[in-house]
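One structure below.
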Amino acid sequence: MEHLIKELNIKTEETIAIGDNVNDIQMIKNAGLGIAMDNSADYIKQYADYITTDNNLSLIHISEPTRQAE
């Protein structure tokens, strides 16, 4: 993600990352908006700004925030 931010000359605050597994934690943490899937483990969700529906659906719906902005 850091490489893309530099390559595309965009601000971190302008990025969104969506993930559901341990390999997504760093990306969710570093994005301007980190989103975890509802069916991901709780230890993944703790890093997300928002939780969306599970990834078995064909759409994304953002629910209430899970942590306050820093």
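The values are calculated or read from the model by the stated rules, or taken from the named source; none is laboratory data. Keep in mind that this is a model prediction, so the values were computed, not measured. Quick reminder, even Gly has a Cβ in these numbers, built from the backbone with ideal geometry, and neighbours come from all protein chains shown. Accessible surface is based on the protein model in full, side chains and every heavy atom, while ligands, DNA and RNA are left aside. Shrake-Rupley method; radii C 1.70, N 1.55, O 1.52, S 1.80 Å.
Among the residues of segment 22-55, those that are over 11 Å from the mean Cα position of the chain (by Cα) and within 16 Å of MET1 (Cα to Cα) comprise VAL22, ASN23. Taken together, the residues in segment 1-21 that are more than 17 Å from THR52 (Cα to Cα), in contact (Cβ under 8 Å) with a residue 12 or more places away in the chain and aliphatic (A, V, I, L, M) amount to 1.
Among the residues of segment 30-49, the ones that are in contact with a Gly (Cβ under 9 Å, 6 or more places away or on another chain), of a type outside the set (Gly, Ala, Ser), at pLDDT 90 or above and not in a loop (DSSP other than H, G, I, E, B) come to 2 in all.
Of the residues making up segment 1-37, those that are open to solvent by 80 Å² or more (accessible area, probe 1.4 Å) and acidic (Asp, Glu) are GLU2, GLU7, GLU13, GLU14.
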